[in-house]
Amino acid sequence: MLIYANPHHTLHDGRHEMFRGRLVPCHETPARLDHVLAELGRRPVGERREPPPVPRAALERVHAPRYLDFLQGAWDEWVALDPANAALDALPSTWPVRGFRHDVEPENFAARLGLYSYDAGTPLTAGTWAAAEAGAACAVAAAHGVAAGATRSAAALTRPPGHHAGADFFGGYCFLNNAALAAQALRDQGAQKVAVVDVDYHHGNGTQSLFYDRADVLTVSIHGDPRTEYPFYLGHADERGEGEGFGHNLNLPLPAGTVFADWRVALQQALKRVTEHRADALVVALGVDTYEGDPISRFRLASADYLTIGRDLAAMRLPTVFTMEGGYAVEAMGVNLVNVLEGFEQG
Ligand code: OKP
Ligand code: ZN
């Protein structure tokens, strides 16, 4: 397994997210990936590689040009509004819901921040673009490594995460959709059919929306039921895809409190669908916020279960790219995530 770790992830270091009327410290912190890398140091799995820079064209295969332009320039615009803003994060607070225009970009910065986002939990900081772009480079490099047959599997160990980000919006701590970038890069390198299996606690709404009308990329997500869990407005079982993509999206929502035996039944269902799709390559959006100790999630997986998940994924015998997504029990996160990779290598 080739390991691409984002060398610039610490540049994204948000201060606060909005929660119940207060700004609370961000859950999505640099310490998360630091713990994963420390665990990899103790228990070497795979071989480290440096990702080459990602071409803008690779980003545009997934994201809208005007969205990329906005993200790239947002911090400078924010500070130009008021030099004192340099000590603050930019958090959106107004959104164009049903009936508003999305085609006209407002001049006002806060209005554009809202146009390109969907929650107030995702701070944009001085280094957000640099960190997200370097993470996307890891995801695309991982896909290229697997597509070239240099390795059976590769992991993009990165933050901020990606699976909530859509063609032209950020949210859920995500800016660039690393799993979607990897899936599209696999397609562009010759894989006819790709499957994305999202095992993060939260529904992968961004990835679903990006491939919803396509039959070439199957999207499957196992997650907390959106009736009660973030991202709330997408992720139900009746979302099956549209047009040519009909039948090529599978959502497996599970109730809060789900234990591993039941979660694994959903994983087997997901993998059965991947086999039916006759996928040439697999992308795993790997969140470990399904852990029993996670502070913002409500499944009950134990650390040892992640070894089993890795083995179950390896049994697919497919070229596989992992992208790191959620996991907020920071101390345990290293063990849990590396367990998946080690289980996969054993499987
Ligand atoms: C990102 B990833 C609920 C606050 C939810 C957003 C959670 C984003 C999760 N009280 N905040 O999928 O792990
Ligand atoms: Zn999550």
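The values are calculated or read from the model by the stated rules, or taken from the named source; none is laboratory data. This is a predicted model, so every value here is computed, not measured. With ideal geometry, Cβ positions are generated from the backbone for all residues, glycine too; neighbour counts draw on all protein chains shown.
Going by what's in this entry, would Leu33 be described as at pLDDT 95 or above, within 28 Å of Leu341 (Cα to Cα), away from ligand 1 (no atom under 12 Å from the Cβ) and surrounded by 13 or more Cβ atoms within 10 Å (Cβ to Cβ)? Here the answer is yes, as Leu33 does meet what is asked.
Within the range 67-83, is even one residue more than 16 Å from ligand 2 (Cβ to nearest atom), at pLDDT below 95 and within 25 Å of Phe211 (Cβ to Cβ)? Among the residues of the range 67-83, not one is more than 16 Å from ligand 2 (Cβ to nearest atom), at pLDDT below 95 and within 25 Å of Phe211 (Cβ to Cβ), which makes the answer no. Pull up the range 316-347, narrow it to residues that are polar (S, T, N, Q) and closer than 13 Å to Ser153 by Cα, then point me to the one that is farthest from ligand 2 (Cβ to nearest atom). This residue is Gln346. Of all positions in the range 114-133, none carries a residue that is among the aromatic types (Phe, Trp, Tyr), buried (at least 24 other Cβ atoms within 10 Å of the Cβ) and within 16 Å of ligand 2 (Cβ to nearest atom). Does Arg273 meet the test of being without any contact (Cβ under 8 Å) to a residue 12 or more places away in the chain and either surrounded by fewer than 20 Cβ atoms within 10 Å (Cβ to Cβ) or more than 16 Å from ligand 2 (Cβ to nearest atom) (or both)? When the stated conditions are applied, Arg273 does not pass them. Scanning the range 83-101 turns up no residue that is among the basic types (Lys, Arg) and surrounded by 15 or more Cβ atoms within 10 Å (Cβ to Cβ). Taking the condition closer than 24 Å to Gly145 by Cβ and either within 20 Å of the chain's Cα centre (by Cα) or not in a helix (DSSP H, G or I) (or both), does Leu37 pass? Yes: the conditions hold for Leu37. Scanning the range 206-214 finds no residues that are among the charged types (D, E, K, R), more than 22 Å from His102 (Cβ to Cβ) and either surrounded by fewer than 24 Cβ atoms within 10 Å (Cβ to Cβ) or within 20 Å of the chain's Cα centre (by Cα) (or both). Within the range 167-205, the residues that satisfy the criterion of being among the small types (Gly, Ala, Ser), in contact with a His (Cβ under 9 Å, 6 or more places away or on another chain) and surrounded by 24 or more Cβ atoms within 10 Å (Cβ to Cβ) are Gly172, Ala179, Ala180, Ala185, Ala195, Gly204. Of the residues Leu313, Leu282, Leu286, the single one that is within 16 Å of ligand 2 (Cβ to nearest atom) and buried (at least 24 other Cβ atoms within 10 Å of the Cβ) is Leu286.
Is it the case that some residue within the range 183-201 is charged (D, E, K, R), closer than 20 Å to Glu325 by Cβ and within 16 Å of ligand 1 (Cβ to nearest atom)? Yes, the range 183-201 contains a residue that is charged (D, E, K, R), closer than 20 Å to Glu325 by Cβ and within 16 Å of ligand 1 (Cβ to nearest atom).
Please enumerate the residues belonging to the range 104-116 that are closer than 20 Å to Phe175 by Cα and either of a type in the set (D, E, K, R) or part of a helix (DSSP H, G or I) (or both). Matches in the range 104-116: Glu105, Phe109, Ala110, Ala111, Arg112, Leu113, Gly114, Leu115.
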